[in-house]
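Just below is one structure, and these are the notes that go with it.
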Amino acid sequence: IIGSFSRSSNLIQHQRIHTGEQPYTCLECGRSFSQSSHLREHQKIHTGEKPYECGACGKSFSRRSNLVKHEMLHIGFRPFECLECGKNFRWRSELVVHQRSHSGERPYECLECGKSFIQSSHLVEHQNIHTGERPYECEECGKRFLRSSDLIKHQPTHTDERPFRCPDCGKGFKRNFNLVTHQRTHTGERPYKCPECGKSFSRKKPCEFSECGKSFVRRSRQSSELGKKPHKCLECGKSFRLSSNLKTHHRVHTGERPYECLECGKRFRQSQHLSRHEKIHTGERPYECLECGKTFIESCNLTIHQRFHNGERPYECGECGKCFIRSSQLLAHQLTHTGERPYECPKCGKQFRTSSHLLMHEQTHTGERPFHCPDCGKSYKRNSHLVMHRRTHTGEKPYECCECGKRFSYNTALNVHERTCMVTEY
């Protein structure tokens, strides 16, 4: 055994993997480590020391290894490719972890509840659920987080730092993937292609000309999107390409929601739905409109918002030809032709075309005003009314007249003005 290590000290360190011994303890937070070097790296979290600086953007890191990983973002070097789906990674270890998503392997098991994980770091984070520990604290507001990644996402809400700069126009971004997307406006690159209609996109988003509205990934993976669906649900007969998709679908029938938000307790069927929801608590809005700077929690909301700038209305009514920005608007509109009102109020029996109209109507019975202004405390039945009210505090005037450039707080005020503006010019 000794011959497997060049030094006896290396053997001693290795044996701690088997014994679980962690003799080096942080005096600040009590966390223990198997190696003194790991303790030294950890202590930089408390001292704030970040001696390793990126020469490209100036961002600093407490570990050299993190700097090396970060520098890969600037050069875009991803040499390790997954043979299953074609995805590329910067590190072999990232590829190994990713491959478990195909094989289903989850080697790290929680001794408390038996839940298994793909990565050891996920197990460590999960164990904090049982202990209640939230080790990562924001120095600005004192809010604590279960994961360091959540803290990192939260921190930009306090600053306007934009370390990722476009080399073509100098525009800055908070996140590298926003910069990558922006650079496609200069290069004209459209890496996402819909196999249904052949249209290409610069962002991963639903294809407006596809009947299913499905999102498609890079061209190298189109063949898998068009493949067979061998995994069939015995409950409803629906088929899926991957067994993992069938497993997720089963939760629709069983009602299982295994992913719980640690902030508010809300539960979800899919981990990505939880990740999306958690951004509400962290304040993270990673998707930024390059036209007006407005930010969104989800990329699909950004895609819809951009149609206000480009005038695109991809959803057309087959009856009257009217076009809409959202597919849901088209579906609601089509009910005006059929006369169908499927949503009925249990209190008074009144029927509505959309569930949102029913929800708004129900508030007339309850008197509920759930949307509160944080500036003056005034309450509203609808969030849209609160949004408009807050402009009286912020002075925001998002609606601009195309003729004279005058701006307005409300769309209705713009409409009234445009009539007089056009008449005057005439």
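Yes or no, residue by residue, for (1) within 27 Å of the chain's Cα centre (by Cα); (2) modelled with pLDDT of 85 or more; (3) more than 29 Å from Tyr380 (Cα to Cα):
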position	(1), (2), (3)
Glu312	yes, yes, yes
Glu319	no, yes, yes
Ile325	yes, yes, no
Pro342	no, no, no
Lys350	no, yes, no
Arg353	no, no, no
Arg369	no, no, no
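Where the second residue is assigned to a strand (DSSP E or B) and not hydroxyl-bearing (Ser, Thr, Tyr) and the first is surrounded by 13 or more Cβ atoms within 10 Å (Cβ to Cβ) and at pLDDT below 50 and lies in segment 214-242, which pairs have Cβ atoms under 8 Å and are six or more apart or on separate chains? What qualifies is Ser215/Pro206; Phe216/Lys193; Arg219/Lys193; Gln222/Lys193. Selection over segment 74-115 of residues that are surrounded by 15 or more Cβ atoms within 10 Å (Cβ to Cβ), under 18 Å from Ser243 (Cα atoms) and of a type in the set (Ser, Thr, Tyr) gives a count of 1. Any idea which residue in segment 280-312 is farthest from Cys141 (Cα to Cα), counting only those that are of a type outside the set (S, T, N, Q) and in contact with a strand residue (DSSP E or B) (Cβ under 6 Å, 6 or more places away or on another chain)? Within segment 280-312, the match that is farthest from Cys141 (Cα to Cα) is Leu302. Quick one: would you say Arg147 is modelled with pLDDT under 85, basic (Lys, Arg), surrounded by 16 or more Cβ atoms within 10 Å (Cβ to Cβ) and within 28 Å of Thr282 (Cβ to Cβ)? Yes; evaluated as a whole, the condition is true for this residue. Would you check if His393 is in a helix (DSSP H, G or I), modelled with pLDDT of 80 or more and over 30 Å from Glu291 (Cα atoms)? Answer is no for this residue. Could we say that His372 is more than 29 Å from Lys322 (Cβ to Cβ), in contact with a strand residue (DSSP E or B) (Cβ under 6 Å, 6 or more places away or on another chain) and exposed (fewer than 14 other Cβ atoms within 10 Å of the Cβ) here? It is true that His372 is more than 29 Å from Lys322 (Cβ to Cβ), in contact with a strand residue (DSSP E or B) (Cβ under 6 Å, 6 or more places away or on another chain) and exposed (fewer than 14 other Cβ atoms within 10 Å of the Cβ). Between a first residue in segment 248-273 that is surrounded by 13 or more Cβ atoms within 10 Å (Cβ to Cβ) and a second residue that is of a type in the set (Ser, Thr, Tyr), which pairs have beta carbons less than 6 Å apart while being 6 or more apart in sequence or on different chains? Going by the 6 Å Cβ cut-off, the qualifying pairs are Tyr259/Ser271; Phe268/Tyr259; Gln270/Thr248. Just one of the numbered conditions (1) in contact with a Leu (Cβ under 9 Å, 6 or more places away or on another chain); (2) at pLDDT 80 or above is not true of Asn128: (2). Tallying residues that are closer than 21 Å to Asn178 by Cα, among the basic types (Lys, Arg) and in contact with a strand residue (DSSP E or B) (Cβ under 8 Å, 6 or more places away or on another chain) within segment 59-100 yields 4.
Where in segment 57-168 are the helices (runs of 4 or more DSSP H), entirely inside, with at least 3 residues that are free of Cβ contacts under 8 Å to residues at least 60 places away in the same chain and not hydroxyl-bearing (Ser, Thr, Tyr)? The helices (runs of 4 or more DSSP H) meeting that bar are 64-75, 92-103, 120-131. Across segment 375-395, the number of residues qualifying as surrounded by 12 or more Cβ atoms within 10 Å (Cβ to Cβ) and over 19 Å from Cys348 (Cβ atoms) comes to 12.
Residues that are closer than 26 Å to Glu362 by Cβ and β-branched (Val, Ile, Thr) were ranked within segment 305-344; the one that is surrounded by the most Cβ atoms within 10 Å (Cβ to Cβ) is Thr336. For beta carbons closer than 6 Å, sequence separation of 6+ or different chains, a first residue in segment 325-342 that is closer than 26 Å to Glu312 by Cβ and a second that is part of a loop (DSSP other than H, G, I, E, B) and modelled with pLDDT of 85 or more, the qualifying pairs are Ile325/Arg313; His333/Cys317; His337/Glu319.
Just to be sure, is Glu21 in contact with a Ser or Thr (Cβ under 7 Å, 6 or more places away or on another chain), without any contact (Cβ under 8 Å) to a residue 60 or more places away in the chain and closer than 21 Å to Val124 by Cα? Even if it seems obvious, please write down each step before you answer.
Numbers: in contact with a Ser or Thr (Cβ under 7 Å, 6 or more places away or on another chain): yes; without any contact (Cβ under 8 Å) to a residue 60 or more places away in the chain: yes; closer than 21 Å to Val124 by Cα: yes.
Yes; evaluated as a whole, the condition is true for this residue.
The values are calculated or read from the model by the stated rules, or taken from the named source; none is laboratory data. Just so we're clear, the structure is a prediction, and the values are computed from it rather than from any experiment. Note: ideal-geometry Cβ built from the backbone for every residue, glycine included; neighbour counts use all protein chains shown.
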